[in-house]
Each structure stands twice: as structure tokens, then as C-alpha cells.
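Student: One structure, pasted below without further comment.
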Amino acid sequence: MSQTVQPIDIRIVDCAKTFPDGTRALEPLTLQIEAGETVVLLGPSGCGKTTTLRIIAGLESPDPGGQVLFGEDNVTNQPIEHRNVGMVFQSYALFPNMNVEQNVAYGLTVRKMAVEKKNRRVSEMLEMMQITELADRRVDQLSGGQRQRVALARAIAVRPRVLLLDEPLTALDALLRERLRVEIDQLLRELGITAVYVTHDQNEAMALGDRIVVMNQGVVAQTGTPRDIYYKPSNAFVADFIGTINKLRGTARKGRLQTIGGSLPWTGSDEADVEVLFRPEDASIVLLNKAQLRGRVAASYFLGDRTKVLLEGMSEHTIVVETAERKEFAKGSEIGLIIKPDALMKLD
Amino acid sequence: MMRRNSLFYLNLGFTLLVCAFLIFPVILSVMAGVTENFFQGIKSGVTLRWVGEVWELYADTIFLSLLIAVACLIADLLLGVPAAYVLAKKSGRTARIIEETLVMPIAIPGLAIALALIITYGGFRDFRTSWLFILVGHVLYTLPFMVRSVLAVLSSFDFKTLEEGAASLGAGFWQRFFTIILPNCRSGILAGSLMVVTLSVGEFNLTWMLHTPLTKTLPVGLADSYASMRLEVASAYTLVFMVMILPLLIALQLYGQPKDVGRSKQAASGDGKALT
Amino acid sequence: MLIPAFVVFVTFFLLPMAKLIVLAGSGEAGLGEYMTVIKTPRHFESLVATVLLSATTTIAALVISTISGVFLERNRFRGREALISMLTFPLAFPGVVIGFLVIMLAGRQGLANEVSKALTGNRLVFAYSMAGLFVGYLYFSIPRVILTLMAAAEKLDPALEEAARSLGASRWQVIRDVIVPALKPALIASGAICFATAMGAFGTAFTLATNIDVLPMTIYTEFTLNANFVTAAALSIMLGVITWIALYIARSLAGSTVAAAA
């Protein structure tokens with residue numbers, strides 16, 4: 001692996017962004033990305049994740065007072081041309097007037113690298129991305145997945161200090177996305193480069209991120225590892241946005257939580273009105289006489305490897321559970337659930 | 001809808017008639033230019049002497065037309081391509097207003113523009129009597145076509161993201177302009193260029209008002225010959241004009257639609273108010 | 001980067017046009033010159049004649065081009081490309097050449113003359129009348145309009161016609177209720193362009209030298225022969241305004257910016 005650049009850390013300090021038309025895209029954000037780490041910015045559209053990425057890239061400048069630091073360098077006032085970043089765009093931004101080889105070589109051509117050295121580096125990149133046979137092809141002859149690889153090769157060829165990826169897989173179909181996700185993950189680990197990855201797809205985020213920054217409406221909702229985010233959401237937004245979440249409401253007294261659907265063991269203190277959350281996979285469907293909660297089937301969906309069952313009567317909200325059992329669930333039939341101990345989450 | 005029914009043939013017949021209406025006079029004129037005597041028809045013999053006479057009398061007009069067309073093209077490229085880029089880059093009201101104003105010369109009859117130019121700059125003797133005066137009129141009239149053509153191509157692909165991509169790889173503004181923007185505008189620049197040259201060679205309304213006896217272009221010469229020369233000479237002269245314009249028209253047909261970069265062809269048949 | 005174009009534009013277009021407008025209002029009657037101009041019978045006749053001619057040409061061109069344009073767009077047959085080329089060939093002809101071609105067809109020594117003499121004994125010379133002008137104007141209008149209409153016909157959604165037919169509509173009903181309405185924007189747009197072009201046409205009328213003057217010819221005469229600069233200026237401005245309005249209508253119907261196929 002000849003990617004021998006020392007990875008650097010990135011710091012964003014108090015970066016906010018208000019656009020000329022008045023839109024407040026980002027509230028003051030402070031974030032530290034460790035050298036070699038892959039951080040995923042995750043959130044719905046309009047949450048500010050792309051703006052943050054573009055500020056790191058140098059395509060947008062933060063409102064006065066914001067700073068961007070690459071290692072020890074304060075790059076806040078440097079335009080993107082001088083920051084030596086590698087960027088992969090959602091639409092790939094491959095140059096239609098050049099073939100694959102020339103595209104990959106572009107950053108090196110701009111840096112006036114000697115021809116031989118440049119050619120060697122380009123071949124190296126093409127090989128790494130397994131697209132050597134595409135060298136002569138023009139951009140419009142490539143499939144989506146191939147364009148992806150070319151975009152990556154082009155971004156890495158210049159040995160950037162940081163790799164920035166703006167929803168690189170969004171434009172691809174589901175199957176391809178999954179495959180490439182794995183490849184990108186491997187690539188990032190191999191390179192050991194600091195990477196910032198923007199996506200709205202939580203599966204991608206969880207699979208790729210060392211840490212995830214969940215954003216909503218210009219503000220960070222939670223930062224943490226995938227497990228942190230999933231098992232310990234710190235607010236309602238994160239709980240809702242990540243995975244599927246079930247909500248129960250009830251009264252906690254003397255070690256039991258009493259809800260409409262039944263009562264559950266409770267390890268917390270007494271409280272008159274409590275809302276708890278749990279993940280579908282932490283609930284199992286059991287016989288009614290062994291169940292903690294009881295309800296009725298509102299709908300069920302056979303998804304092949306599992307069946308998703310929507311239950312009502314246990315909570316104000318519909319409860320979603322999944323089972324791999326080869327059973328059919330008739331609408332209206334009564335169902336019992338047991339929830340794993342420690343699976344109940346409470347938001348502060 | 002491939003039924004070859006009577007309606008099809010009716011339509012076909014009609015279209016053929018229209019075609020005949022348009023082409024027949026051309027053929028007639030061509031024939032007149034190469035026959036000894038028009039009134040005796042082809043029986044009088046085929047000759048090139050009329051063409052020869054045309055060359056003797058009007059060769060300078062042909063050269064001047066070509067000179068102006070080329071100069072006009074160069075001016076339009078230098079002025080129009082950057083202008084189109086700026087207009088494509090900036091959205092917003094000022095850009096639209098500038099676009100509207102740049103297009104104005106097409107809307108105003110050539111006659112009026114010529115008048116305005118004469119009134120304003122006619123006093124500068126040297127300028128007034130040189131071919132540059134005509135050039136100015138031509139540039140004013142053809143620039144919008146170049147701008148429009150390049151704009152059409154630029155609107156067909158996301159050049160802003162491409163520029164960001166190039167910038168992320170370290171390319172500065174001019175580098176991006178020459179290695180990324182211009183190459184991808186090729187089809188628009190070509191279509192625009194063909195349009196500009198064709199328009200310039202055939203321009204009459206403006207040129208007639210702006211010309212002097214020493215600066216006569218081909219169409220001006222044609223008007224002269226229609227008024228004063230015998231039919232055969234006038235026809236031969238027209239023939240020369242058509243021969244000159246034919247390759248341009250073929251090229252326009254082949255390359256005249258700015259191709260969307262990476263998409264299917266877009267009909268940019270342009271403002272019909274081109275040549276009268 | 002826009003500055004060079006802008007400078008050229010201001011110097012050679014805006015400034016002179018401004019002077020022209022000023023000049024038009026600088027005669028004895030001042031701004032009233034514009035009104036006097038209309039009141040002068042010769043000028044008024046000229047204006048009316050030009051408008052009528054342009055209007056009839058436009059309508060005729062639209063009808064002819066729609067029939068042929070839609071036909072050519074919809075059907076593929078051998079020789080189609082050749083037909084299209086022939087129909088658009090005259091696009092590059094300056095008005096003078098077209099005038100000349102009309103003379104060849106219908107002038108004193110023209111074909112129509114010979115043919116009609118042989119057939120009916122009467123010499124038919126119509127090149128130098130309104131009819132001749134009309135033929136000439138039609139000649140340069142058809143290629144332009146057909147191109148635009150063909151482009152529009154290409155964009156017609158066949159599903160709409162199929163839906164109409166599935167509901168029982170006859171051929172004519174489909175044309176009347178589906179095709180023509182769908183083509184309406186293109187028809188109006190190209191009609192406006194056709195009208196504007198015809199209004200400003202000079203070369204054709206110049207060559208045909210009829211005794212009915214179209215407005216451009218009147219302007220020319222006032223300027224060069226009568227040295228009535230003020231009148232010429234006023235008439236030019238009026239002509240320019242009418243033409244600009246027509247084109248503005250066309251553009252606002254055809255789409256937002258210059259970049260749209262107008």
C-alpha cells in the first residue's frame with residue numbers, strides 16, 4: 001500500500017453558515033475528527049451535513065468566527081484548490097471531455113507531476129480500484145458503479161490529507177450500494193486516511209462510521225459510535241431516526257412499569273408518567289399466558305427472511321416487532337410479547 | 001402510427017409541393033446562371049462565362065464577405081463565450097436582464113440598428129468608410145446567437161459541480177476554464193460558430209445601410225446586380241452565393257444542434273428571425 | 001469576463017439606440033413626431049400594409065408548416081432527410097436573393113409569365129405586387145416555422161393521443177383536441193417570430209421594388225432619398241417596438257431564458 005501520507009486530524013470550531021438568501025443552514029458547530037478516523041455525518045435532507053462537508057472542503061466558508069483546522073494548519077481562509085483534499089461528489093463530477101485515465105490523472109496534471117511518475121501513479125490507482133481495463137473508456141460509457149470507482153481513484157490519486165465523500169452511493173441501486181459499501185469500507189481502512197462521509201442512509205452510516213454525527217436542522221443531535229447511537233439515543237430525534245423504535249408509556253411503581261398492554265419489570269425509580277423505548281429485535285412473540293404485553297395484530301408483512309408484525313393495543317403508538325418464525329399472523333389475532341431485560345431505554 | 005393510408009400520401013403530396021415551391025426557383029436560378037441565354041433555355045448551351053463575369057466584377061465582394069465573416073466569428077468567440085459562461089454561472093435577476101438586453105439586437109430590425117449606428121458614429125470618417133463599420137453591425141447581430149448556443153450547452157450539464165471537482169483537485173480558475181469548461185462546450189461553440197458565419201455571409205439589412213461603394217459585401221453586390229445586370233449574370237452571382245452557403249448549411253444540419261453533454265439531443269433550432 | 005461584451009454592447013448598441021430615440025423626438029413636433037408619423041397617410045398605409053402582409057404570411061406559414069412539419073416528424077420514409085434538408089435550405093438566403101427568386105418565378109420574364117401565356121394567353125406578372133411580396137415572405141417564413149414546429153412535434157407525448165383514440169376519438173378529433181392544443185405554445189411562439197421577421201424584412205421588398213411600400217422600405221426612403229432623419233428614426237423606433245413586443249410574447253411563451261429553443 002503506497003498511500004503513505006500521515007493521516008491528520010481535522011477540527012471544526014464554531015462554524016455556522018447562513019446563506020446569502022437568509023437560510024440558516026448550520027448552527028455553530030464544533031467537531032473534532034481524529035487522524036485516520038472515518039466520521040459519518042448522518043441526517044435527513046436539510047440537516048446541514050452537506051454544508052458541514054463543504055465547509056471542511058473549502059467550497060463554502062463559515063460565518064465569521066468559524067475556524068477549520070487541518071492538523072496544525074488553519075485553513076479557514078484557504079480556498080479548496082489549496083487544501084489538498086480528495087472529494088467524491090454525489091454525481092461523481094467526472095469530466096466528460098476526458099477518458100478514465102485522464103480523469104484520474106487530472107489532479108496530478110494540475111500539480112505538474114512528471115509524466116512517468118504520473119502514469120505510474122495512475123496505473124496504481126486503477127489497479128487499486130480494479131478498473132485497469134477501463135482506462136480508455138469515456139465517462140458516458142461507464143456504469144454507475146464504475147463511475148464511482150473512477151471518482152474514488154481520482155480523489156485518492158493526489159494523496160489528499162483527508163477524503164470527503166458526499167453521498168457517494170445515493171445514486172446507485174440497492175444491490176450495488178451494498179456491495180460498494182463494503183468496498184469503500186475496506187478501502188478506507190486500507191488507506192488509513194481521515195475521512196468524512198455524508199449520507200442519509202443509516203445502514204451506510206453504521207457500517208462505515210467509526211463515529212457517527214447525527215444532525216438535524218443545522219444542529220448536532222448526537223455524536224457517538226454506531227452502538228452508542230443505536231442503543232443509547234440521547235434524544236427523541238435520534239431514537240426515531242435510527243432504526244425502528246417502539247414507544248411505551250406507563251406508570252412506574254414498586255419495580256413494575258404498568259402500561260396499557262401489560263406490566264413489565266422496572267429497575268428505575270417510581271414515576272407517574274414514564275415513556276420508554278425499545279427496539280423491535282429486543283421483543284419476542286410468545287404465548288399469551290407467558291407474555292408481558294398483550295395486543296392485537298394490525299398488519300403483518302412477509303419479507304422473506306423475516307415477518308414484520310404491527311401490533312396495536314399495547315401502546316398509543318403502533319408497536320413493530322419482527323420474527324423469523326414461519327408463522328402467519330392473522331389480522332386481529334391476539335399476540336403476546338416479552339421484552340428482553342435491559343432493552344428498555346429512557347430518554348433524559 | 002405507420003399506416004400508409006391515403007392521409008399519408010395526401011400529406012406527402014402536400015409536403016412535396018411545398019418542397020417544390022422552395023426548391024424550384026433555386027434550380028431555375030442555377031440553370032439561368034449557366035445557360036448562354038435564359039430565354040432560349042438550355043438549348044442555347046451551358047456556359048461558365050457568366051460565372052467568369054461575376055468573378056471579374058464582384059470578386060472583391062466575395063473576399064470582403066469572407067473577411068468580415070471570419071472577423072465577426074473571432075469577435076463573437078472572444079466576447080460571447082466568456083459572457084455565456086458568466087450568464088450561466090450567475091442565476092438571479094441581473095443575469096436575466098443582461099441576457100434580455102444582449103438579445104435585443106435580434107429583435108430590432110437591422111435597418112433601425114444601422115440607422116442608429118450611422119447617426120452616432122457616421123461622423124468618424126475613417127471608421128465610417130472602413131469595413132470595420134460593417135463588422136460592428138454584424139457582431140451586434142450575431143453575438144446573441146453565439147451566446148445563446150453556448151448557454152444552451154452549459155445549461156445541459158452540471159458544470160458547476162465539475163468545476164468544484166476540478167477545484168478540489170487543485171485547478172485554479174483559468175485552468176478550469178480551459179481544461180474543463182471549454183472542452184465540454186465544444187458542440188455549442190461549433191454550432192454557434194456555424195450560425196454566426198452563415199448569418200454574417202448572408203446579412204443584408206444592416207449591411208446595405210452601412211456599406212459604401214468601397215466596402216461592398218456579397219449580398220450588397222447581389223442587390224446591385226439584380227438592379228443593373230442582365231439576368232444571367234445576376235443568376236450566376238446568386239449561384240456563386242449558393243455554392244458558398246451550401247457547405248455551411250450542410251455543416252449546420254450536421255453540427256448545428258448543440259449536443260447535450262451526456263444526454264440526448266436537444267432541439268436548439270434557434271430564433272427564426274435570422275436572415276431577411 | 002462579461003465586461004468586454006458589455007462594453008461593446010453599450011457603445012455600439014445602447015448608445016446609438018438611445019440617440020435614435022432622442023433623434024426621433026428632436027424634430028419640430030418633438031415627441032409628437034411619433035403621432036404625426038401615423039397620421040401621414042403614406043406612412044400609415046405603409047404600416048397597415050406591413051402588418052397585414054406579416055399577419056397573412058404568418059398564418060399561411062403556420063398552417064403549411066404544421067401540416068408538413070407534423071407529417072415529417074411522425075413518419076419515417078426514404079428520402080425524409082432529403083425533404084427536410086430541402087425545406088430548410090432557404091433558411092440562409094438573404095431577402096434580396098429571395099426577391100430575385102420571386103422575380104424569376106413571376107417577373108416580367110419569369111416562369112409564371114411564360115406558362116400563363118402559353119395556357120391562357122394572358123401574361124401573369126405578379127412579382128411586383130402584393131402577391132409577389134407575399135410569395136417572397138412565405139418563402140423565407142416556411143423554413144423557420146417548420147423547424148420550430150418539428151422540434152415541438154417531437155416532444156408531443158404519444159400517450160395522450162393513444163388515450164384519446166382509446167376513448168373513441170376520430171382522427172380529426174384527435175388533431176383538434178389533442179395535437180393542436182399541445183402545439184399551441186410552439187405555434188404562438190413561432191408565429192410571433194414569423195411575424196416579427198416579416199415586419200422587419202427589408203431585402204425582399206427592396207429587390208421587388210413594388211409601389212406598395214412596406215415599413216422598412218418607407219424608412220429607407222425617408223432616410224436616404226428624402227433625408228428625413230427624424231421621420232426615419234421615429235418610424236424605426238416604432239417598428240422596433242412592435243417587433244420587440246412580438247418577440248417578447250414568443251419568448252415568454254416558449255420558456256424562461258434565451259437558452260430555451262425559442
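The values are calculated or read from the model by the stated rules, or taken from the named source; none is laboratory data. Remember, predicted model here, so these are calculated numbers, not experimental data. Positions of Cβ are backbone-derived with ideal geometry, glycine not excepted, and every protein chain shown enters the neighbour counts.
Student: Restricting region A:286-322 to residues that are part of a strand (DSSP E or B) and polar (S, T, N, Q), which is nearest to A:ASP273 (Cα to Cα)?
Tutor: Step one: of region A:286-322, the residues part of a strand (DSSP E or B) are A:286, A:293-302, A:307-312, A:319-322.
Adding the requirement that they be polar (S, T, N, Q) leaves A:300, A:307.
Details: A:SER300: 30, A:THR307: 32 Å.
Only one residue tops the list, namely A:SER300.
Student: Scanning region B:116-149 for residues that are in a helix (DSSP H, G or I) and of a type in the set (Gly, Ala, Ser), which turns out surrounded by the most Cβ atoms within 10 Å (Cβ to Cβ)? Lay out the reasoning, then the answer.
Tutor: The first filter runs over region B:116-149 and keeps only residues in a helix (DSSP H, G or I), leaving B:116-121, B:125-128, B:131-149.
With of a type in the set (Gly, Ala, Ser) added as a condition, the list becomes B:116, B:137, B:149.
Numbers: B:ALA116: 28, B:GLY137: 28, B:SER149: 32.
Of everything passing the filter in region B:116-149, B:SER149 is surrounded by the most Cβ atoms within 10 Å (Cβ to Cβ).
Student: Let me ask something else. Return the residues of region A:244-264 that are under 20 Å from A:LEU311 (Cβ atoms), assigned to a strand (DSSP E or B) and either of a type outside the set (D, E, K, R) or without any contact (Cβ under 8 Å) to a residue 24 or more places away in the chain (or both); say none if nothing qualifies. Before you say what the answer is, go through the steps one by one.
Tutor: Quick first cut of region A:244-264, residues under 20 Å from A:LEU311 (Cβ atoms) only: A:244-250, A:257-264.
Keeping just the survivors that are assigned to a strand (DSSP E or B) gives A:246-250, A:257-259, A:262-264.
Selection gives A:ASN246, A:LEU248, A:GLY250, A:LEU257, A:GLN258, A:THR259, A:GLY262, A:SER263, A:LEU264.
Student: Additional query: Go through (1) loosely packed, with under 14 Cβ neighbours inside 10 Å; (2) over 24 Å from B:LEU16 (Cβ atoms); (3) modelled with pLDDT of 80 or more one by one and return the number of the condition C:PHE9 breaks.
Tutor: Among (1) loosely packed, with under 14 Cβ neighbours inside 10 Å; (2) over 24 Å from B:LEU16 (Cβ atoms); (3) modelled with pLDDT of 80 or more, C:PHE9 violates only (1).
Student: Being of a type in the set (A, V, I, L, M, F, W, C) and outside any helix (DSSP H, G or I): is that true of B:ALA251 here?
Tutor: Working: of a type in the set (A, V, I, L, M, F, W, C): yes; outside any helix (DSSP H, G or I): no.
In short, no.
Student: With the requirement that a residue be of a type outside the set (Asp, Glu) and surrounded by fewer than 18 Cβ atoms within 10 Å (Cβ to Cβ), what does region A:186-199 give you?
Tutor: The first filter runs over region A:186-199 and keeps only residues of a type outside the set (Asp, Glu), leaving A:186-189, A:191-199.
Passing the criteria: A:GLN186, A:ARG189, A:GLY192.
Student: Somewhere in region A:74-94, is a residue under 27 Å from A:ALA221 (Cβ atoms), in contact with a Lys or Arg (Cβ under 9 Å, 6 or more places away or on another chain), not aliphatic (A, V, I, L, M) and not in a loop (DSSP other than H, G, I, E, B)?
Tutor: no
Student: Within region C:142-179, take every residue that is out of contact with any Gly (no Cβ under 8 Å at 6 or more places or on another chain), assigned to a helix (DSSP H, G or I) and among the polar types (S, T, N, Q) and give me the one that is surrounded by the fewest Cβ atoms within 10 Å (Cβ to Cβ).
Tutor: By that ranking, first place goes to C:SER166.
Student: Could you check region A:170-198 and list, in sequence order, the residues that are of a type in the set (A, V, I, L, M) and part of a helix (DSSP H, G or I)? Reasoning before the result, please.
Tutor: Initially, region A:170-198 is screened for residues of a type in the set (A, V, I, L, M), giving A:171-172, A:174-176, A:180, A:182, A:184, A:187-188, A:191, A:193, A:195-196, A:198.
A:ALA174, A:LEU175, A:LEU176, A:LEU180, A:VAL182, A:ILE184, A:LEU187, A:LEU188, A:LEU191, listed by residue number.
Student: A further question on this structure: Considering only residues that are surrounded by fewer than 24 Cβ atoms within 10 Å (Cβ to Cβ) and more than 30 Å from B:ALA59 (Cβ to Cβ), which ones fall in region B:182-200?
Tutor: B:LEU182, B:PRO183, B:ASN184, B:ARG186, B:SER187, B:ILE189
Student: Something else now. Restricting attention to helices (runs of 4 or more DSSP H) lying wholly within region B:150-214, give those where 2 or more residues are more than 11 Å from chain A (Cβ to nearest Cβ). So that I can check it myself, show each step before the final result.
Tutor: On the way: elements: B:159-168, B:173-176, B:186-202, B:205-210.
The helices (runs of 4 or more DSSP H) meeting that bar are B:186-202, B:205-210.
Student: Against the definition (at pLDDT below 85, in contact with a Leu (Cβ under 6 Å, 6 or more places away or on another chain) and closer than 29 Å to B:LEU151 by Cα), how does C:ALA152 come out, yes or no? Steps first, answer last, please.
Tutor: Values: at pLDDT below 85: yes; in contact with a Leu (Cβ under 6 Å, 6 or more places away or on another chain): yes; closer than 29 Å to B:LEU151 by Cα: yes.
So C:ALA152 passes the test.
Student: Tell me the residue from A:VAL75, A:VAL40, A:VAL85 that is at the interface with chain B (Cβ under 9 Å from one of its Cβ atoms), among the β-branched types (Val, Ile, Thr) and crowded, with 16+ Cβ neighbours inside 10 Å, please. If you could, list the steps in order and put the result at the bottom.
Tutor: Details: A:VAL75 fails: at the interface with chain B (Cβ under 9 Å from one of its Cβ atoms); A:VAL40 fails: at the interface with chain B (Cβ under 9 Å from one of its Cβ atoms).
Sole residue among the options that is at the interface with chain B (Cβ under 9 Å from one of its Cβ atoms), among the β-branched types (Val, Ile, Thr) and crowded, with 16+ Cβ neighbours inside 10 Å: A:VAL85.
Student: Shifting gears a bit: Of the residues A:VAL214, A:VAL196, which is within 14 Å of another protein chain (Cβ to nearest Cβ), within 20 Å of A:LEU41 (Cβ to Cβ) and modelled with pLDDT of 95 or more? Walk me through it before giving the result.
Tutor: Numbers: A:VAL214 fails: within 14 Å of another protein chain (Cβ to nearest Cβ).
After applying the criteria, what remains is A:VAL196.
Student: Would you mind listing the helices (runs of 4 or more DSSP H) fully within region C:49-134 where at least 1 residues are at pLDDT 80 or above and surrounded by 24 or more Cβ atoms within 10 Å (Cβ to Cβ)?
Tutor: On the way: elements: C:80-88, C:95-106, C:111-120.
The helices (runs of 4 or more DSSP H) meeting that bar are C:80-88, C:95-106.
Student: On to the next question. Determine which single condition A:ALA155 fails, assuming it passes every other condition in (1) modelled with pLDDT of 95 or more; (2) touching a Gly at 6+ places or on another chain (Cβ under 8 Å).
Tutor: (1)
Student: Going by the conditions given, is B:GLU203 crowded, with 22+ Cβ neighbours inside 10 Å and among the charged types (D, E, K, R)?
Tutor: Numbers: crowded, with 22+ Cβ neighbours inside 10 Å: yes; among the charged types (D, E, K, R): yes.
In short, yes.
Student: Please work out if C:THR197 is under 19 Å from C:THR66 (Cβ atoms) and either assigned to a helix (DSSP H, G or I) or more than 18 Å from the chain's Cα centre (by Cα) (or both). Don't jump to the end; show me each part of the working.
Tutor: Details: under 19 Å from C:THR66 (Cβ atoms): yes; either assigned to a helix (DSSP H, G or I) or more than 18 Å from the chain's Cα centre (by Cα) (or both): yes.
When the stated conditions are applied, C:THR197 passes them.
Student: Name the single residue that is farthest from the chain's Cα centre (by Cα) among those in region A:199-229 being in a strand (DSSP E or B), of a type in the set (Val, Ile, Thr) and closer than 23 Å to A:THR244 by Cβ.
Tutor: Here is the first cut: in region A:199-229, the ones in a strand (DSSP E or B) are A:199, A:211-216, A:219-224.
Next, only the ones that are of a type in the set (Val, Ile, Thr) stay: A:199, A:212-214, A:219-220, A:223.
With closer than 23 Å to A:THR244 by Cβ added as a condition, the list becomes A:199, A:212-214, A:220, A:223.
Details: A:THR199: 5, A:ILE212: 6, A:VAL213: 8, A:VAL214: 8, A:VAL220: 13, A:THR223: 12 Å.
Going through the qualifying residues, I end up with A:VAL220.
Student: Does region A:202-215 contain at least one residue that is among the polar types (S, T, N, Q), without any contact (Cβ under 8 Å) to a residue 60 or more places away in the chain and surrounded by 19 or more Cβ atoms within 10 Å (Cβ to Cβ)? Lay out the reasoning, then the answer.
Tutor: Taking region A:202-215 first, the residues among the polar types (S, T, N, Q) are A:202-203.
When the remaining residues are screened for being without any contact (Cβ under 8 Å) to a residue 60 or more places away in the chain, the result is A:203.
Cutting the leftovers down to surrounded by 19 or more Cβ atoms within 10 Å (Cβ to Cβ) gives us none.
No, every residue in region A:202-215 fails to be among the polar types (S, T, N, Q), without any contact (Cβ under 8 Å) to a residue 60 or more places away in the chain and surrounded by 19 or more Cβ atoms within 10 Å (Cβ to Cβ).
Student: Is one or more of the residues making up region B:162-179 of a type in the set (Asp, Glu) and at pLDDT 90 or above? Before you say what the answer is, go through the steps one by one.
Tutor: Step one: filter region B:162-179 for residues of a type in the set (Asp, Glu), giving B:163-164.
Imposing the further condition that a residue be at pLDDT 90 or above reduces the set to B:163-164.
Yes: region B:162-179 contains one or more residues that are of a type in the set (Asp, Glu) and at pLDDT 90 or above.
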